[in-house]
Amino acid sequence: MRNVTYIRALNEAIAEEMKRDEAVFVIGEDVADCGGVFGVTAGMMKRFGRERVRQTPISEAAFTGLAVGAAMAGLRPICEIMYVDFATTCMDQILNQAAKLRYMSGGQVTVPLVIRTQQGGGTCEAAQHSQNLEAIFAHVPGMKVAMPSTPYDAKGLLKSAIRDHNPVIFLEHKLLYETKGEMPREEYLVPLGEADVKREGTDVTVVATSLMVLRALEAAETLAGEVSIEVIDLRTLVPLDFEAIAASVRKTGRLVVAQEAWTSGGFGGEIVRRVCEECFDALVAPPKVVGSADVPMPFSPGLEQAVLPDADAIVDAVRAVA
Amino acid sequence: MQIAQDDLRRMLRLMHTIRSFELTAQTLFREGLAVGQFLGALHSYEGEEAVAVGVCAHLRDDDCVFSSHRGHGHSIAKGADVRAMMAELLGRESGISRGRGGSMHMFAPEIGLMGGNGIVGGGTPLALGPAFAAQYRGTDQVSVCFFGDGAASQGVFHECLNLASLWKLPVIYVCENNLWAATTPICDGWPVADLAPRAESFGMAGVAVDGNDLLAVYEAAGEAVGRAREGVGPTLIEAKTYRHRPHCMVIPEHRPEDELADWHARDPIARLEGHLLREGAISDVELADLVTEVEAELQAAADFARESASPDAATFADYLWA
Ligand SMILES: Cc1ncc(C[n+]2csc(CCOP(=O)(O)OP(=O)(O)O)c2C)c(N)n1
């Protein structure tokens, strides 16, 4: 076992898959010379050359569209969009094109594409650099959506995403990049569509994604001895491992969903819908969703912290349902 | 073109104000870091002062400016209060956007400052709007959009030139070609060296100027604004310039040392000072006084910012709806 950062884990996943398969290439802004502004593709240019690490102009629509088309032509692009906020400038390529091509073609066309991007707040970057947009991608059928919370999951999921025959949007979190975690030396994969129980418990189920998994684990520590929390890390929203959620809720009878995205209209509401439809009999308290306040992210640090959900917000929600 | 000496001195002062603002902002940023507070992205305009000042000198308060992520210079040149701008950098309630926007989102619509932008190219289509409104109402306001060479690679920019020229909108697109987009050199962004000639393919005026020469920028902008006010149509100005600092506070310098030295030698402030001294339009003593006054003004602005109160955390939902 080794202890590596989330960035390093992603970097290894990309390098291993590029080595394994010539069809895999990286495309995006600033990805070659500085290895991406967060350093995820550091060293790739040296190792694989500029032909496979394609640094683009600031033309998200063009290079994302190119990646979709290259995937149709049998390549396996890993397309980096620097911030998820900028993906809004190429939503046509992602949602109208990539997500629908296979279906519209009656299964004749495949789009083995990974779009890597990062999201989330907490860095005082204000409203156009702090969003969490996973619900938009998950809402549109045809996109797989991954949201790893640990270096281990990040590496294993990214390798699976690159090998997957469908478009996958891979949502990293900017505050997770420097976090460290254990990782085996041997190669491994984490399949898309398998949730992970990050902490077992008996009283309340907390379903979380990305950075909120860490916050949920903090909340579980805080409440240890008072309420026993089971933390379920979804790892992917699409495919959704609903069975893992249902099994836990049938055991605890209580549900809190923790997401950093806005509380209203988010994926948390979708989980509550499924639980109400399919596990209503098991519930002994109304479920709760913990998320950001429904406002664009303010710049001012104090306001930003007031808007973002923290471990205390999860503690409060757990106490409210327990 | 004859420019009154008073006007030139005023413009020199504005250029010094911009430079001094940037230096002071960097101090505040470092003060923040020292106490563990990261104040988001900070993009310095040092080196490009002649562009904003030379263009905005022709604008009235009812003319609009759409700025970029590198927007402090545009804001100051358009007449924004440096105290309120400085307070914005610290996220204070007294900030120009009440602490909600930060460095990239400074707004003062009463003087036609329609905000910076976190999205590269985000301002280009918006700038069409006030130009359209003037045409619609039969008034003579103009609209100016500042953007970088990187932004010129966005598809939407080309849509804007097409529409602006088609409808003869009173809009002026000012490209600050500083040869770099984050860590990407212009040769990896454009297949040609110049932007201005591309205007011709849209049937509109395009002109390239030395963006470090205040007099040249002033003259080109004067013609463009005149054309727009008279209803002749839009202009694309390409100002060749250079930023003195790395892309932002957290990205290390990537550019070759000799290129940096070369451009420092063409500093727009030193150049205008040389001109004014030679013409006898300013004396050494007056120049020294001007710099001292500006620095004192910026120190006062920094103190104002530090002493201003942060927004009450309970007000995070204010200003969402009209
Ligand atoms: C749509 C979008 N893509 C990427 C970015 C990230 N980004 C911010 S500034 C920048 C470089 C911009 O270069 P340029 O337009 O030349 O302006 P300069 O920074 O040189 O003034 C990049 C890539 C962004 N903010 N928005």
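The values are calculated or read from the model by the stated rules, or taken from the named source; none is laboratory data. All of these numbers come straight from a predicted model, not from anything done at the bench. Every residue, glycine as well, gets a Cβ built from its backbone with ideal geometry; the counts of neighbours run over all protein chains shown. For the accessible areas, the whole protein counts, side chains as well, though only heavy atoms, and no ligand, DNA or RNA atoms are used. Shrake-Rupley method; radii C 1.70, N 1.55, O 1.52, S 1.80 Å.
Is there any pair linking a residue in region B:185-206 that is among the β-branched types (V, I, T) to one that is open to solvent by 20 Å² or more (accessible area, probe 1.4 Å) and assigned to a loop (DSSP other than H, G, I, E, B), with Cβ under 6 Å and at least six apart or on different chains, and which?
B:I186/B:L179
Can you pull out every residue in region A:64-118 that is buried (at least 20 other Cβ atoms within 10 Å of the Cβ) and basic (K, R)?
A:R76, A:R116
Quick check on region A:122-135: of everything there that is part of a loop (DSSP other than H, G, I, E, B) and away from the ligand (no atom under 16 Å from the Cβ), which residue is farthest from A:S292 (Cα to Cα)? Break it down into steps so the answer makes sense when it comes.
Looking only at region A:122-135, we keep the residues that are part of a loop (DSSP other than H, G, I, E, B), and these are A:122-133.
In the following step, the residues that additionally are away from the ligand (no atom under 16 Å from the Cβ) were identified as A:122, A:132.
On the way: A:G122: 12, A:N132: 10 Å.
Checked region A:122-135; the qualifying residue farthest from A:S292 (Cα to Cα) is A:G122.
From (1) within 16 Å of the chain's Cα centre (by Cα); (2) within 23 Å of B:R306 (Cα to Cα); (3) open to solvent by less than 10 Å² (accessible area, probe 1.4 Å), pick out the condition that doesn't hold for B:G99.
(1)
What is the number of the single condition among (1) open to solvent by less than 10 Å² (accessible area, probe 1.4 Å); (2) among the hydrophobic types (A, V, I, L, M, F, W, C); (3) within 14 Å of another protein chain (Cβ to nearest Cβ) that A:L175 does not meet?
Going through (1) open to solvent by less than 10 Å² (accessible area, probe 1.4 Å); (2) among the hydrophobic types (A, V, I, L, M, F, W, C); (3) within 14 Å of another protein chain (Cβ to nearest Cβ) one by one, A:L175 breaks only (1).
Could you identify the single residue in B:R278, B:R243 that is among the basic types (K, R) and touching a residue at least 24 places away in the same chain (Cβ under 8 Å)? Don't jump to the end; show me each part of the working.
Working: B:R278 fails: touching a residue at least 24 places away in the same chain (Cβ under 8 Å).
The match here is B:R243.
Identify, from the list A:G156, A:G121, the residue that is within 14 Å of chain B (Cβ to nearest Cβ) and surrounded by 22 or more Cβ atoms within 10 Å (Cβ to Cβ). Even if it seems obvious, please write down each step before you answer.
Details: A:G156 fails: within 14 Å of chain B (Cβ to nearest Cβ).
A:G121 is the lone residue from the list that is within 14 Å of chain B (Cβ to nearest Cβ) and surrounded by 22 or more Cβ atoms within 10 Å (Cβ to Cβ).
Looking only at region B:228-269, filter to residues that are modelled with pLDDT under 95 and surrounded by fewer than 17 Cβ atoms within 10 Å (Cβ to Cβ); which one of those is farthest from the other protein chains (Cβ to nearest Cβ)? Talk me through it step by step, then tell me what you get.
Our first condition is that a residue be modelled with pLDDT under 95; within region B:228-269, this holds for B:249-254.
Keeping just the survivors that are surrounded by fewer than 17 Cβ atoms within 10 Å (Cβ to Cβ) gives B:250-254.
On the way: B:V250: 9, B:I251: 7, B:P252: 8, B:E253: 11, B:H254: 6 Å.
My answer is B:E253.
Does B:F66 satisfy the criteria of being among the aromatic types (F, W, Y) and under 12 Å from the mean Cα position of the chain (by Cα)? Spell out the reasoning first.
Numbers: among the aromatic types (F, W, Y): yes; under 12 Å from the mean Cα position of the chain (by Cα): yes.
Spelling it out, B:F66 is indeed among the aromatic types (F, W, Y) and under 12 Å from the mean Cα position of the chain (by Cα).
Pairs under 9 Å by beta carbon, first residue within 16 Å of B:A239 (Cα to Cα) in region B:55-68, partner more than 16 Å from the ligand (Cβ to nearest atom) and open to solvent by 40 Å² or more (accessible area, probe 1.4 Å), six or more apart or different chains?
B:C56/B:L14; B:C56/B:G79; B:A57/B:D7; B:A57/B:R10; B:A57/B:L14; B:S67/B:M114
For region B:25-49, what are the residues that are open to solvent by 60 Å² or more (accessible area, probe 1.4 Å) and either within 12 Å of the ligand (Cβ to nearest atom) or in contact (Cβ under 8 Å) with a residue 24 or more places away in the chain (or both)?
First, the residues of region B:25-49 that are open to solvent by 60 Å² or more (accessible area, probe 1.4 Å): B:27, B:30-31, B:33-38.
Passing the criteria: only B:T27.
Determine which single condition A:D294 fails, assuming it passes every other condition in (1) outside any loop (DSSP other than H, G, I, E, B); (2) open to solvent by 30 Å² or more (accessible area, probe 1.4 Å); (3) within 14 Å of another protein chain (Cβ to nearest Cβ); (4) among the acidic types (D, E).
The single condition A:D294 does not satisfy is (1).
Give the number of residues within region A:136-152 that are assigned to a helix (DSSP H, G or I), buried (at least 23 other Cβ atoms within 10 Å of the Cβ) and of a type outside the set (F, W, Y).
Qualifying residue count for the region: 1.
Conditions first: (1) surrounded by fewer than 19 Cβ atoms within 10 Å (Cβ to Cβ); (2) farther than 28 Å from B:G138 by Cα. B:S201 passes all but one, so which condition is the exception?
B:S201 satisfies every listed condition except (2).
So which residues in region B:85-122 are free of Cβ contacts under 8 Å to residues at least 24 places away in the same chain and more than 9 Å from every other protein chain (Cβ to nearest Cβ), if there are any at all?
B:I96, B:F107, B:P109
Within the set of pairs 6 or more residues apart or between chains, which connect a residue that is more than 12 Å from chain B (Cβ to nearest Cβ) inside region A:27-46 to a residue that is aromatic (F, W, Y) and not in a loop (DSSP other than H, G, I, E, B) with Cβ atoms less than 6 Å apart?
From region A:27-46, the pairs are A:I27/A:F63.
Would you please name the residue that is nearest to the ligand (Cβ to nearest atom), looking only at residues in region B:105-161 that are outside any helix (DSSP H, G or I), farther than 30 Å from B:A193 by Cβ and not hydrophobic (A, V, I, L, M, F, W, C)? Don't jump to the end; show me each part of the working.
Quick first cut of region B:105-161, residues outside any helix (DSSP H, G or I) only: B:105-108, B:112-122, B:138-150, B:154.
Okay, now just the ones that are also farther than 30 Å from B:A193 by Cβ, so B:105-108, B:112-115, B:138-141.
Filter again for not hydrophobic (A, V, I, L, M, F, W, C), leaving B:105, B:112, B:115, B:138-141.
Working: B:H105: 12, B:G112: 21, B:G115: 14, B:G138: 34, B:T139: 31, B:D140: 30, B:Q141: 26 Å.
Result: B:H105.
Give the residue that is nearest to the other protein chains (Cβ to nearest Cβ), with candidates limited to residues of region B:50-69 that are open to solvent by 10 Å² or more (accessible area, probe 1.4 Å) and within 16 Å of the ligand (Cβ to nearest atom).
Among them, the one singled out is B:H69.
In region A:1-83, which strands (runs of 3 or more DSSP E) lie fully inside it and hold 2 or more residues that are closer than 20 Å to A:V168 by Cβ?
Passing ranges, in order: A:24-28, A:53-55, A:76-81.
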